[in-house]
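Student: Here it is: the structure, laid out below.
Read-outs throughout are calculated quantities, based only on the coordinates presented, and are distinct from any laboratory measurement. These numbers come from a predicted model, not from an experiment. Neighbour counts run over all protein chains shown; Cβ positions are idealised from the backbone, glycine included.
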Amino acid sequence: MATPTISATTLNGRHHRTALAIFMVIVVAHWAEHLVQAMQVYVWGWPLSEARGVLGMPFPWLVTSEWMHYGYALLMLVGLVLLRKGFTGRSRTWWNISLGIQVWHHLEHLLLLLQKLSGVYLMGRPAPTSILQLVAPRMELHLFYNAVVFAPMVVAMLLHRRPAEQTGATCSCAVAH
């Protein structure tokens, strides 16, 4: 018996709604990790070194792993690229905005990973540092990045579900009213 495969056509066609749901669960889980970490610092008053989100508590190496952070940034980029063809009209515009911001976010994580691997840090800093980290602390910067990637993604998905926005779409994500 042959193993069924999902092509880019079916991913952005009959499997688009399911793929978007899975992608959104991953995105929201990651976003929640950042929000919990911020709550640990700003609400509970924990020092940043102790504020590790939910998964970072039992697995502290996750917070300091540039590989894990880069992997997530790459996963986001790949997901945004793979699911893009299913969007049309205004929803495609908002999805593209999210994708464009994620390209920059991914490049920042690539820079961090390359510094970690080489031991040579940006502008002589004592630890890997991204470009925008030169003006904003890392935790707050990543809250910002996740917010500005997430917000247009949500707008795109809400627009995408409107039947009027489905002109030329190959999926059945629209909700009938």
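Student: Note the full-extension length gain between His15 and Val148 as 0.36 nm times their separation in residues minus their Cα-Cα distance, in nm to one decimal. Let's see the in-between values first.
Tutor: Details: separation 133, 0.36 × 133 = 47.88 nm, distance 2.63 nm.
Taking 0.36 nm per residue and subtracting the Cα distance, the gain is 45.3 nm.
Student: Can you work out the FRET efficiency for the pair Leu117 and Leu35, with r the C-beta to C-beta distance and R0 = 35 Å, to the nearest 0.05? Don't skip to the answer; put the middle values down first.
Tutor: Working: r = 29 Å, r/R0 = 0.83.
The calculated FRET efficiency here is 0.75.
Student: Could you point to the label whose value was computed as volume of the Cα convex hull per residue in Å³ for the structure here, given [x] 115; [y] 155; [z] 145?
Tutor: [y]
Student: Another one. Can you work out the Karplus-derived ³J(HN,Hα) for every residue in the stretch 94-107? Use 6.51 cos²θ - 1.76 cosθ + 1.60 with θ = phi - 60°, whole Hz, and x for glycine or proline.
Tutor: Listing the rounded values in order: 5, 5, 5, 4, 4, 4, x, 5, 5, 4, 5, 4, 4, 4 Hz.
Student: Related question: Tell me the label-point distance for the pair Val54, Arg162, using the 7 Å Cα-to-Cβ offset, in nm and rounded to one decimal.
Tutor: In this crude spin-label approximation the distance works out to 3.2 nm.
Student: Right, another one. Pulled fully out, how much extra length does the chain show between Met24 and Val135, if you take 0.36 nm times their separation in residues and subtract their Cα-Cα distance?
Tutor: Details: separation 111, 0.36 × 111 = 39.96 nm, distance 2.98 nm.
Roughly 37.0 nm would be gained on extension.
Student: May I ask you to evaluate 6.51 cos²θ - 1.76 cosθ + 1.60, the Karplus curve with θ = phi - 60°, for each residue of the stretch 64-80 and list the ³J(HN,Hα) values in order in whole Hz, giving x for glycine and proline?
Tutor: Ordered by residue, 3J(HN,Hα) equals 9, 7, 5, 4, 5, 5, 5, x, 5, 4, 5, 4, 4, 4, 4, x, 5 Hz.
Student: Now for a separate question. Explain nothing, just compute: Karplus ³J(HN,Hα) = 6.51 cos²θ - 1.76 cosθ + 1.60, θ = phi - 60°, for every residue of the stretch 163-170 in order, whole Hz, x for Gly and Pro.
Tutor: Here the 3J(HN,Hα) series is x, 5, 8, 8, 4, x, 6, 9 Hz.
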